[in-house]
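Laboratory data are not the source of any read-out in this text; all were calculated from the coordinates shown. Because the structure is predicted, anything quoted here is derived from the model rather than measured. When we count neighbours, we look across all protein chains shown, and the Cβ atoms used for this are built from the backbone with ideal geometry, even at glycine.
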Amino acid sequence: MKRIITLLLLFVVTHALAQDETIKGLQSDANKDFKKDPNDTIVKTWKTGSTISFNLAQGSLSNWAAGGDNFSLSLNSYINGYAFYKKEKHSWDNNLDMYYGYVKTTSLGTRKNDDRFDLTSKYGYALSPKVNLSALFDFRSQFSKGYNYPENKPREYTSNFMAPAYIMLSPGIDWHPVPNLSIFVSPLTARWVIVNDDSLSAKGAYGVDTGKKSNFEFGAFASINYKAQITKTISYKGRLDLFSNYRHNPQNVDLYMTNMFAVKLSKILTATWSLDLIYDDDVKQFGPNLNSPGLQLKSLIGVGLLVKLRNY
């Protein structure tokens, strides 16, 4: 019996010592620094992400001596999505901007104050670290019907989805002198102006011939895109497009410019200011007789939610 007990004790002690050595071995392995095999490293060829912003403002008055609308409400939304590809000398940048906004007041009713979307796709082949041989596609239009509201006159129907729309195909050189700055230049660019609406095409709106629904333009194009993190809380995104139509008044250069400043107030709360400028010599809706071109300007300031999603 004593022999059996002795054997059992020897077994337990031996097993415990073996477990102790195993635990020590596992602890030692856990503290080791493991280096990843360079051959297993996979370089990401795609970078995707999006930005979603909603700004809401509301005001109301009651027995307000200075006057004003009893009620006002505005909602503005901005959604950006992008997908960037890069592998060896090849790159492919895709960007979609969508804006939509409504304002409602007691006296004026409901009107939209922002409506547009812009899809840009650009392929590049690197000739040097800062210069690409590129081809650009751009499509720009709006989502819904738009109106002008002349003083003391009925509202005037001016736009709709695909009326107008702008489609551009442009081969050229894309220069990146510094990070986050792109300067694209093309001397040979094809642009189509589409007015897919019977009543607007009958007026010859946006430069199409009366009764026609599209107009082909051929000219020179330049696009400058820039992003900057001005401070830890202030960022900027801007774009400037210039187009000269060789076929009609090439000296009158069309301008399309967008600017967006964002001030981060908290993790998701942001103040934004957008300033857009457009000049198109073929858009003759301004002046005393509403038949002259003019510089279009839109400024929107708001505070709301801004969320950025990235997959790097």
- Query: Along the charge dipole of segment 44-311, Cβ charges K/R +1 and D/E -1, which of S50, N113, L96 sits furthest on the positive end?
  - Reply: S50
- Message: Once R0 is set to 22 Å, what does the formula 1/(1 + (r/R0)^6) return for the Cβ-Cβ distance between Y157 and I278, expressed as a FRET efficiency to the nearest 0.05?
- Response: 0.70
- Where labels lie 7 Å past Cα in the beta-carbon direction, separation of L269 and N196 in nm: 4.3
- Query: Residue farthest toward the positive end of the dipole of segment 95-246, with Cβ of Lys/Arg at +1 and Asp/Glu at -1: which of W175, L188, N215?
  - Reply: W175
- Note on the structure: Most exposed to least, judged by fewest other Cβ atoms within 10 Å, R239, R247, R111 sort to R247, R111, R239
- Query: What's the exposure ranking of E88, E151, going from fewest to most Cβ atoms within 10 Å?
  - Reply: E151, E88
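Between rounded, prolate and oblate, where does segment 44-311 land on the alpha carbon gyration tensor, with a ≥ b ≥ c its root eigenvalues, rounded for a/c under 1.5, else prolate if a/b exceeds b/c?
Numbers: a/c = 2.27, a/b = 1.17, b/c = 1.93.
Oblate, because a/c is 1.5 or more while a/b does not exceed b/c.
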- Message: Suppose each label sits 7 Å from its Cα in the direction of the beta carbon; what would the N70-R247 distance come out to in nanometres?
- Response: 5.4
- Item | Protection proxy ranking, peptides 250-256, 209-215, average beta carbon neighbours within 10 Å, highest first | 250-256, 209-215
- Query: How many angstrom separate the Cα center of segment 159-225 from the Cα center of segment 43-120?
  - Reply: 22
- Query: Relative to the present Cα-Cα distance, how much length would full extension add between L181 and S128 at 0.36 nm per residue of separation?
  - Reply: 17.5 nm
- Task: Could you check the simple spin-label distance between Y102 and I173, using points 7 Å along Cα→Cβ, in nm with one decimal?
- Result: 4.9
- Message: Using DSSP to call loops (not H, G, I, E or B), can you name the trypsin sites (Lys or Arg not before Pro) in segment 254-312 whose Cβ has at most 11 other Cβ atoms within 10 angstrom?
- Response: K267
